[in-house]
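Before any comments, here is the structure.
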Amino acid sequence: MILGKLWRSIMAQINKIANVFWTADPVAQMQYEYDLAVSQMQSGREGLEQYRALVERINRQIASDKDHVAKLEAKVKAYLGAGDRETAGRFALELQKAKQDLQENESQRTMHETAYNNNVTKIKRAVKKLADVRQKITKYDAELKMSRAEAEMAKLATSFDFDVTTDFGQIEQVINDKISLNRAKARVSADLSEEGVVDIQREEAMEANMAESALKDYEVQLGLVTPETAPVAETTKELGPAERAKETEQ
């Protein structure tokens, strides 16, 4: 009783392991069964070829028996025509046996031809079923791969939830913070670049006035305008060294 329980427990564990391997890759299992069936089919085809060879031998034997019967019939008729009944009776007995052999071989041929044709039909049907199984293996393999991909994509979509509580959400927040910091740096740089703009504008205005005054002096020297008609520059000219010396002496 104890040994029986132990044996059943061991077999249960072996069956469990077998089921693990059985269900681990069902497509591979189907492919194995398909390959095994194809191998058996090839063996069956070889047997069918040998069986057909037997039928062909019987056909040749029947042809030989028919030729032998025809020759014996001719001999019986010839000896009867010649009045030799003894020899004709001997050939008639041989003819009777030859006809029995012919009838038996024809019966065997009918039986073997029927069995051969039945086996051909079975193998043709089995080949068609194997083709269907092959298509199913391809279909199931594609569907399994697609379903696995869909499962991975579904899992990925769940993992890529950009909620603040998830890792991706926290990463997104860090990225947004860096973007904000970079934009802040750019704004500060732009604001700082406005320092001294007023001074630059004043300097440019002074240079423009000095250029206008110089141009008017040049026009007076050329006689294009008179000092009375030349407008007075609104800005004070910068004194040269000689003029500053005269002003000091005064």
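The values are calculated or read from the model by the stated rules, or taken from the named source; none is laboratory data. Please read these numbers as outputs of a predicted model, since none were measured by experiment. Reconstructed Cβ throughout: ideal geometry from the backbone, glycine too, with neighbour counts over all protein chains shown.
Considering each of Phe168, Phe162 in turn, give the residue that is in a helix (DSSP H, G or I) and at pLDDT below 70. Steps first, answer last, please.
Working: Phe162 fails: in a helix (DSSP H, G or I).
So the residue among Phe168, Phe162 that is in a helix (DSSP H, G or I) and at pLDDT below 70 is Phe168.
Looking at region 65-79 only, could you name the residues that are farther than 15 Å from Lys97 by Cβ and surrounded by 15 or more Cβ atoms within 10 Å (Cβ to Cβ)?
Passing the criteria: only Tyr79.
Condition check ((1) out of contact with any Phe, Trp or Tyr (no Cβ under 6 Å at 6 or more places or on another chain); (2) over 23 Å from Asn118 (Cβ atoms); (3) not acidic (Asp, Glu)) across all residues:
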{"residue": "Tyr51", "(1), (2), (3)": "no, no, yes"}
{"residue": "Glu56", "(1), (2), (3)": "yes, no, no"}
{"residue": "Asp67", "(1), (2), (3)": "yes, yes, no"}
{"residue": "Lys75", "(1), (2), (3)": "no, yes, yes"}
{"residue": "Gly89", "(1), (2), (3)": "yes, yes, yes"}
{"residue": "Leu95", "(1), (2), (3)": "yes, yes, yes"}
{"residue": "Ala98", "(1), (2), (3)": "yes, yes, yes"}
{"residue": "Asp101", "(1), (2), (3)": "yes, yes, no"}
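Looking at this structure, is Gln100 closer than 26 Å to Ile123 by Cβ and of a type in the set (S, T, N, Q)? Explain how you work it out, then say what you get.
Details: closer than 26 Å to Ile123 by Cβ: no; of a type in the set (S, T, N, Q): yes.
For Gln100, the condition - closer than 26 Å to Ile123 by Cβ and of a type in the set (S, T, N, Q) - is not met.
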